Structure formats: C-alpha cells, structure tokens
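S.K.: Let me begin by handing over the structure; questions about it come next.
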Amino acid sequence: MAITTPTTLACLPARSPSRPRAARPPLPTPPAAAGTTPSSASSPSSPSVPTLAPGKTTLGFVGIGIMGLAMATNLLKAGYDVVVWNRSPERCAPLVAAGARLAATAREAAAEADVTFGMLSDPRAALAVATGPDGVAAGMAPGKGYVDASTVDAGTSRAVAAAVRARGGLFLEAPVSGSKGPAEQGALIFLAAGDAALFAACGPALGVMGKASFYLGGEGDGAVGAGAHMKLVVNAIMGSTMAALAEGLALAGAAGLSEARVLEVASLGAIACPMFALKGPAMVERRYPPAFPLKHQQKDLRLALELAQAAGLELGVARAAHGAYARAAAADGKGLADADFSAVLEAVLPPPKAAAAAASRGAA
Ligand code: NAP
C-alpha cells in the first residue's frame with residue numbers, strides 16, 4: 001500500500017454560529033492545491049450538497065457510542081434536525097429525549113438526512129454500517145453526503161467512499177483527534193479527506209463539533225486515506241506516549257518514589273503534557289474511567305503498524321506499546337479492553353506481591 005502524500009493542507013478554524021467568538025472566521029473554503037481545484041475531488045456526476053444550516057438541514061448520525069453521543073448532542077444543541085441510529089438502539093435514548101428522531105436502520109437515517117455522520121468502533125463496524133444491505137450507502141442519493149469520523153485504515157475508508165459514490169453521494173473521511181471531553185465541549189480536531197465540496201458544505205457542522213478541521217485531501221478522488229493516515233500517525237504517537245508514562249509510573253513505584261511526585265516533576269519540564277495532567281492522577285489511583293477505550297487504542301496501534309509495514313518501516317516503539325495494550329486487553333477478568341487506554345498501566349505494573357508469591361509457590 002502506498003502512502004498518499006497530501007497535496008493540500010489547510011487548518012480551518014471552525015466554530016458554531018451558536019457560540020460566537022471574538023473573531024469568527026468565514027465559512028471554510030477548501031484550499032486549492034497547485035495543479036488542481038477542490039471540486040476536482042468530487043465525483044463529476046454528483047451534485048454538491050448545500051451548506052449545512054440549522055433549521056434547514058437534516059443530519060443523520062450513526063454510531064452512538066462514547067464519541068457519537070457527544071457529537072450528536074452538540075448538533076442537536078446547535079439546532080439541527082437530527083436522525084440517529086445505533087446497533088444497540090437504547091444508547092440513542094438520551095438523544096431522542098433531547099429531540100432526535102430514531103431511525104430503524106442506518107439506511108433509513110441516511111435516506112432521511114442531507115448529510116450523515118458515522119462514528120463506528122473499527123474497520124469492520126465502519127464497513128458493515130456503511131456498505132451492508134441496510135447501511136448508509138443504500139440510503140444515499142445524489143445531493144447527499146456521508147462523513148465517516150471513525151478511526152479506520154485507508155483501505156476501509158476507500159471502500160466506504162466507493163460504496164457511497166456508487167449511489168451518487170459525496171464522501172468525506174473525517175477521523176478526529178480529541179477524546180470524550182473535547183467531544184462534549186465541541187473541541188475536536190477533524191482530519192478530513194475526500195470530496196472537497198462536502199468538506200466545504202459541512203463547515204458549520206464540523207464547527208459545532210470541533211475547534212479545527214484540516215483538509216488533507218488532494219487530486220483525483222480527494223485522496224481518501226490521507227485523513228486515516230494522519231489519524232493513525234497521531235494515535236501511534238499518543239499510544240506510545242501513554243505506554244511510556246505507564247512505564248515511568250511503574251518504575252517510580254519500583255524505586256520507592258511517589259507516583260504523584262513524578263507527575264508533578266514532569267509537569268514542570270519539557271515533557272509536560274496535557275494528557276499526563278488529564279490521565280495521570282487517576283492512574284496513580286488505579287482508576288481508568290473509559291473516555292478512549294483501550295481496545296480502540298490497541299486497534300489504532302495495530303493499524304499504524306500495518307501502515308508502517310506496507311511502507312517498509314519498522315516502528316519498534318509503537319510495536320512494543322501495542323504489545324502492552326494487547327497484554328492489558330487480554331488480562332483475565334479485569335475488563336480492561338473497555339477501560340480507558342490509560343489502563344495500559346496494569347500491563348506494566350509488577351504483579352501484586354501476594355499473587356506473585358502464590359504464583360512462585362505454584363511454580364515450585
Ligand atoms: P464506542 O463507545 O466503543 O462506540 C462504538 C460504536 O460502534 C457504538 O455505537 C457501537 O454500537 C458501534 N459498533 C461497533 N461494532 C458495530 C457493528 N459491528 N455494527 C454496528 N455498529 C457497531 O467507541 P467510541 O469511543 O465512541 O469511538 C468510536 C470511534 O472513534 C472509534 O473508531 C475510535 O477509535 C474513535 N475515536 C475515539 C475517541 C475516544 O476518545 N473515545 C477519540 C478519537 C477517536 P453498539 O452501541 O451497538 O455497540
């Protein structure tokens with residue numbers, strides 16, 4: 001698999017009209033790259049999608065998990081008409097209570113909506129929900145669009161794009177940087193590629209859910225895959241960084257140092273990091289309330305390693321970190337796969353003394 005080199009890069013500050021800022025930027029305009037125009041990324045036969053606007057636009061949202069719930073909630077709060085679908089319909093209850101309509105299938109949500117957003121767990125889920133018989137693509141038509149914010153590999157993203165475009169719809173991949181908190185605060189960072197016209201049309205809605213939107217697409221089909229690649233790069237760094245923090249805390253404990261003091265020292269120097277400040281105190285207390293599930297971080301490192309392998313790169317740090325997440329996810333009876341990814345700490349801590357003693361007695 002070749003790594004796509006994005007030919008355009010733009011960071012578009014995006015804000016909701018309902019939350020005025022001192023200097024609100026104009027609606028996002030996709031950047032023109034040398035030798036191409038943004039509209040060349042759209043399928044020539046697909047009519048564009050009108051710029052999204054509360055009161056005028058119906059938005060679909062499929063995949064109401066941790067992130068989808070927060071994102072769809074913000075769209076509702078901004079005044080959009082929202083139709084939602086989730087495999088487990090009960091997770092849509094808070095949205096329905098807040099005014100969303102519940103669709104029976106992802107196809108129905110997409111058929112009712114002008115633009116549908118997806119936030120699914122992994123490549124398998126993203127493909128199933130987009131391309132299945134009752135999936136989003138089946139509800140697509142010219143003048144509609146699908147924005148997939150799931151973190152997936154580029155191949156999955158391209159397969160979803162093909163299914164949507166085959167029905168005359170426009171497609172944008174738009175995985176996000178930022179976790180549950182930023183999703184609730186409307187402070188995500190979108191990493192988009194695909195049909196530039198859809199990116200432009202979605203500016204107001206991306207602004208409701210995020211604080212910045214990068215268009216990484218380029219010529220031809222909008223370089224679908226560049227957004228997925230950027231997301232995997234970011235999460236390879238993040239997953240390795242968290243694993244390094246976990247090892248540092250484990251080492252501190254083994255050396256008889258206070259883990260809290262380690263966080264304090266780190267916060268004052270060059271390795272100060274918002275993620276350490278956010279997650280560290282709970283890690284010290286061995287609490288891992290799920291914001292970014294560990295199974296998803298493991299998935300992202302796996303996909304990053306596959307991307308690296310295809311490019312002929314060996315990422316030793318990311319590979320070791322992936323091993324730590326895999327060990328944590330497999331830890332018997334601990335349910336760590338669904339815990340926050342900071343639970344990787346459990347994979348690097350020494351076994352409790354009593355358990356270790358029992359284990360060594362058993363081995364003797
Ligand atoms: P989540 O809470 O685990 O939600 C996953 C969603 O996918 C649920 O709606 C789930 O439906 C659905 N799903 C899973 N398998 C499915 C299938 N086979 N068919 C249909 N639906 C399926 O995950 P999340 O934290 O919201 O993350 C969603 C995506 O965003 C992931 O790709 C993740 O890597 C990415 N992401 C997450 C964060 C974060 O901090 N949480 C940050 C950035 C990016 P059910 O409710 O029926 O299980």
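The values are calculated or read from the model by the stated rules, or taken from the named source; none is laboratory data. Here the structure is a predicted model, which is why all the values come from computation and not from measurement. So basically every Cβ, Gly included, is an ideal-geometry build from the backbone, and we count neighbours across all protein chains shown.
S.K.: If G55 satisfies all but one of (1) within 16 Å of the ligand (Cβ to nearest atom); (2) surrounded by fewer than 24 Cβ atoms within 10 Å (Cβ to Cβ); (3) within 21 Å of G210 (Cα to Cα), what's the number of the condition it fails?
M.R.: (1)
S.K.: Could I ask something else about it? On the basis of being closer than 23 Å to G222 by Cβ, buried (at least 18 other Cβ atoms within 10 Å of the Cβ), away from the ligand (no atom under 15 Å from the Cβ) and touching a residue at least 12 places away in the same chain (Cβ under 8 Å), does G145 make the cut?
M.R.: Spelling it out, G145 is indeed closer than 23 Å to G222 by Cβ, buried (at least 18 other Cβ atoms within 10 Å of the Cβ), away from the ligand (no atom under 15 Å from the Cβ) and touching a residue at least 12 places away in the same chain (Cβ under 8 Å).
S.K.: All but one of (1) free of Cβ contacts under 8 Å to residues at least 24 places away in the same chain; (2) surrounded by 14 or more Cβ atoms within 10 Å (Cβ to Cβ); (3) more than 19 Å from G248 (Cβ to Cβ) hold for G333; state the number of the condition that does not hold.
M.R.: (2)
Conditions (1) at positive phi; (2) near the ligand (Cβ under 10 Å from one of its atoms), marked per residue:
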{"position": "D81", "(1), (2)": "no, no"}
{"position": "R91", "(1), (2)": "no, yes"}
{"position": "P94", "(1), (2)": "no, no"}
{"position": "G99", "(1), (2)": "yes, no"}
{"position": "E108", "(1), (2)": "no, no"}
{"position": "S121", "(1), (2)": "no, yes"}
{"position": "A126", "(1), (2)": "no, yes"}
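S.K.: Is it the case, given these coordinates, that A254 is more than 16 Å from the chain's Cα centre (by Cα) and either within 28 Å of V317 (Cβ to Cβ) or in the same structural domain as V129 (by TED's automatic domain parsing) (or both)?
M.R.: yes
S.K.: If you go through the stretch 219-243 one residue at a time, how many are surrounded by fewer than 24 Cβ atoms within 10 Å (Cβ to Cβ) and at pLDDT below 95?
M.R.: Result for the stretch 219-243: 3.
S.K.: Any residue at all in the stretch 279-292 that is more than 16 Å from the ligand (Cβ to nearest atom), of a type in the set (G, A, S) and free of Cβ contacts under 8 Å to residues at least 12 places away in the same chain?
M.R.: Taking every residue of the stretch 279-292 in turn, none turns out to be more than 16 Å from the ligand (Cβ to nearest atom), of a type in the set (G, A, S) and free of Cβ contacts under 8 Å to residues at least 12 places away in the same chain.
S.K.: Going by the structure shown, is G178 within 15 Å of the ligand (Cβ to nearest atom) and under 20 Å from the mean Cα position of the chain (by Cα)?
M.R.: yes
S.K.: In the stretch 58-76, how many are away from the ligand (no atom under 16 Å from the Cβ) and under 17 Å from L120 (Cβ atoms)?
M.R.: So the answer is 1.
S.K.: Please work out if R101 is at pLDDT 95 or above and either crowded, with 20+ Cβ neighbours inside 10 Å or among the aromatic types (F, W, Y) (or both).
M.R.: No: the conditions fail for R101.
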